[in-house]
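This report concerns only the one structure given below.
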Amino acid sequence: MENKGKFYMTTAIAYTSGKPHIGNTYEIVLADAIARFKRQEGYDVYFQTGTDEHGLKIEQKAAEAGVTPKEYVDKVAAEVKRIWDLMNTSYDNFVRTTDEDHERQVAKIFRKLYDKGDIYKGAYEGLYCTPCESFWTESQLVDGKCPDCGREVSPAKEEAYFFRMSKYADRLIEHINSHPQFIQPVSRKNEMMNNFLLPGLQDLCVSRTSVKWGVPVDFDPKHVVYIWLDALSNYITKIGYDANGDGGELFAKNWPADLHLIGKDIVRFHTIYWPIFLMALDLPLPKQVFGHPWLLQGGEKMSKSKGNVIYADDLANLFGVDATRYFVLHEMPFDNDGIITWELVIERFNSDLANVLGNLVNRTISMSNKYFGGIVEKTGVAEPVDEDLKAVVTGTRDLVTGKMDELRVADAISAIFALFKRCNKYIDETTPWILAKDEASKPRLSEVLYNLTESLTIGATLLHSFLPETAEKIIRQLNTKMRSFDELDKFGFYESGNQVTDKPEILFARLDAKEIMPKVEKIQADQRAEFEAGQRAAGLTQEKSESEPAIDIEAKEEITYDDFMKMQFQVGEIISCEEVPKSKKLLCSQVRIGSQTKQIVSGIKQYYSAGEMVGKKVMVLVNLKPAKLAGVMSEGMLLCAEDENGGLALMTPEKEMPSGAEIC
């Protein structure tokens, strides 16, 4: 196969504040699927991941746990690596920002930028978000809170070093405009340009004196290097970059990166701060930064206090590694947030993995054994229906390649499963069980089973990047080898006369939700118990009163049943949301209600960020007369509850309900 050249890709390095949940784990699985597919295409892939281990939050977590910061991050980094390995990810390098070679280069990078005049010493006074390790001005806050994570900020003042961001701003804007693929999806690009670059960049604080757990500034050791300058540099330091110009062969070969794969919440750091740091170091910029969406539990962020956190190892224990990989890869849209629930995982497992794929493989091999003793032989007794099957099968490679080139991984998997569905349809069309009754039809039956076996060989080879263990099991049962990528658009390479296994393995046995959900409930109960125990240990719990507080409101005029029946209430799913320009209160949501989508403006910006809204299932008054709010048309109303202080909470269904379900 032709070598298509190098492909260097990275994930964001996982912050070692705690065990990563499935939303965090999604990124490494997504990256692994891309890396495996690129290797399959013929690229020389270098795939890097790892952990981000410095900062104030780690200091605080370690103090709470009664251990040193290094002991704390050692434990968490080992857990991250365990989960990455559990998910069968094929990374080439697992980096840690506490590695000596990385810390040494970070200190050298800081000095180089200082000597160049891009970093200068000053003093900083602002509002600091500890979880994000970021300073903010009052004007940058959203409802008085951190614009990135929505948490509280606190005043902070300290001596600090600053980076001259504005020096490179125009150059970065020009690069973004002239390289349309640099930031993907396009919505992320627009956000960076409109919210940060075009309004003007302020100089960036790049050191701290109040934090001890970090890389010291070697010429001023009471300062430690800003965590993002430290963390982002791993993409070059861990492939051999040296600030003194003595970089190794790995760096010369692989930089610039072909792809930085990151979560949408850290796009700003990777598309503004990181490119500017690279410009200052006279290094080329990465070719593409892809900010993937989030995976939400039932439309909400995962929280231990709610007991709704889902971990990859729990999913793998109940469903298997490949089933977990399939769900997160298949269910995540290109741009909007994805939804995961235990019930949905069971549904996809049964409908797609057990019914479509597992059943197909088992039927094909079992029929070969039943009718021909496992021998698969091409006879050439063809019928017109064969050509349509072959067209679908041989056309799938290019379909998948096109989707993967755009990083539309969910669409790529759907194309592969369309191949498997076509095979199932082919069985229904050719009715092998009827052909088997007539000896004269045996040559035709043999050709049908050959076509199915060849189709499965091609489909399994394409599936390997996404579900590697499953693909290998299929290939073993067919007693063949993975097909070369160059051959995947051709039909008929399976060796005629070959014999499949006489003991077909059930790949995915159907699950009974009644058996699975009690196990899920125990997992959730254990989570809540662990969280509450931790809260008690930290002295953060408060005794509850005997009864929950209640409020009374002024009664409105009575209505009749007929009045009520005039109002149409339905469940809607928020598929996108954005702030209404020049409004402090309004959010504009696109809400899918059955087969239609309505635009609804709501005065809830104080209580929900636009990002939090996406993916929520909400109760909607559908037939409210459209009206303009702040110049934006609103076509309905989201129902909320209001407490005595005016606080709002969206009304959501207690159980998972489909979009469009009537509320009555």
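Measure nothing fancy, just the Cα-based angle from helix 359-372's long axis to the longest principal axis of the chain, in degrees from 0 to 90, nearest 10. Once rounded, one gets 20 degrees.
By the gyration tensor of its Cα atoms, with a ≥ b ≥ c the square roots of the eigenvalues, what is the shape of segment 1-132: rounded for a/c under 1.5, prolate for a/b over b/c, or oblate? Oblate, since a/c reaches 1.5 and b/c is not below a/b. Legend: calculated FRET efficiency, residue 493 to residue 343, from the Cβ-Cβ distance at R0 = 35 Å, rounded to 0.05, equals 0.25.
If R0 is taken as 35 Å, the Cβ-Cβ distance between residue 363 and residue 6 corresponds to a FRET efficiency of 0.25.
Considering every alpha-carbon pair of segment 6-299, the percent of pairs per 10 Å bin, from zero through the bin containing the longest distance, is 6, 27, 39, 24, 4, 0. Distance between the modelled labels on residue 579 and residue 567, one decimal in nanometres: 3.1 nm (7 Å Cα→Cβ projection). The distance between label points at residue 664 and residue 486 comes to 6.3 nm (points 7 Å beyond Cα on the Cα→Cβ vector). Loop-located trypsin sites (Lys or Arg not before Pro) in segment 145-247 (DSSP state other than H, G, I, E, B) with a sparse environment of at most 15 neighbouring Cβ atoms within 10 Å: 151, 212, 222. Computing FRET efficiency as 1/(1 + (r/R0)^6) for residue 606 and residue 387, where r is the C-beta to C-beta distance and R0 is 56 Å, gives about 0.35. In the chain, helical runs assigned H by DSSP with n ≥ 4 each contribute -39500 (n - 2.57); averaged across all residues and rounded to the nearest 500, the mean residue ellipticity at 222 nm is -12000 deg cm²/dmol. Near residue 377, the amide H atoms lying under 5 Å from its own belong to 450, 497; only residues 5 or more places off or on other chains count, and H is placed 1.01 Å from N.
Restriction of the GluC sites (Glu not before Pro) in segment 71-159 to DSSP coil positions whose beta-carbon has at most 13 other beta-carbons within 10 angstrom yields 152. Rounded to the nearest 20 debye, the dipole size of segment 130-266 about its Cα centre is 160 debye, using +1 on the Cβ of Lys and Arg and -1 on the Cβ of Asp and Glu. The charge dipole of segment 316-499, taken about the Cα centre with unit charges on the Cβ atoms of Lys, Arg (+1) and Asp, Glu (-1), comes to about 560 debye, rounded to the nearest 20.
Dipole magnitude for segment 6-299: computed about the Cα centre from +1 point charges on Lys and Arg Cβ and -1 point charges on Asp and Glu Cβ, it is near 320 debye.
Placing dummy labels 7 Å off each Cα toward the beta-carbon, the span from residue 209 to residue 517 is 5.9 nm. 3J(HN,Hα) couplings calculated from phi for segment 208-214 with the Karplus curve 6.51 cos²θ - 1.76 cosθ + 1.60 (θ = phi - 60°) are, in sequence order, 9, 10, 7, 10, 9, 8, x Hz; Gly and Pro show x.
Phi-derived couplings, Karplus 6.51 cos²θ - 1.76 cosθ + 1.60 at θ = phi - 60°, listed residue by residue for segment 226-231: 3, 4, 6, 5, 5, 5 Hz, with x used for Gly and Pro. Here's the picture: charge each Lys and Arg Cβ at +1 and each Asp and Glu Cβ at -1 in the chain, and of 440, 326, 296 the one pushed furthest to the positive end of that dipole is 440.
Computed over neighbours whose Cβ is under 13 Å from that of residue 226, the net charge equals -4, Lys and Arg +1, Asp and Glu -1.
If the viscosity is 1.567 mPa s and the temperature 4 °C, what Stokes-Einstein diffusion coefficient in µm²/s follows for the chain when Rh is the Kirkwood radius over Cα pairs? Approximately 46 µm²/s, per Stokes-Einstein. Shown here for segment 456-530: GluC sites (Glu not before Pro) in loop regions (DSSP other than H, G, I, E, B) with at most 14 other Cβ atoms within 10 Å, namely 495, 505.
Between amide H atoms placed 1.01 Å from N, distances below 5 Å from residue 52 occur with 14, 15, 16, all of them 5 or more places distant or on a separate chain.
Enumerate the calculated ³J(HN,Hα) couplings along segment 380-397 in order (Karplus 6.51 cos²θ - 1.76 cosθ + 1.60, θ = phi - 60°), each rounded to whole Hz, writing x wherever the residue is Gly or Pro. In residue order, the calculated couplings are x, 7, 9, 9, x, 4, 5, 5, 5, 4, 4, 5, 5, 5, 6, x, 5, 4 Hz. Taking amide H as placed 1.01 Å from N in the peptide plane, residue 44 has its amide H under 5 Å from the amide H of 4, 5, 6, 7, each at least 5 places away in sequence or on another chain.
Every number in this text was worked out from the coordinates using simple rules, so none of it is lab data. The structure displayed is predicted, hence computed values, not measured ones. So basically every Cβ, Gly included, is an ideal-geometry build from the backbone, and we count neighbours across all protein chains shown.
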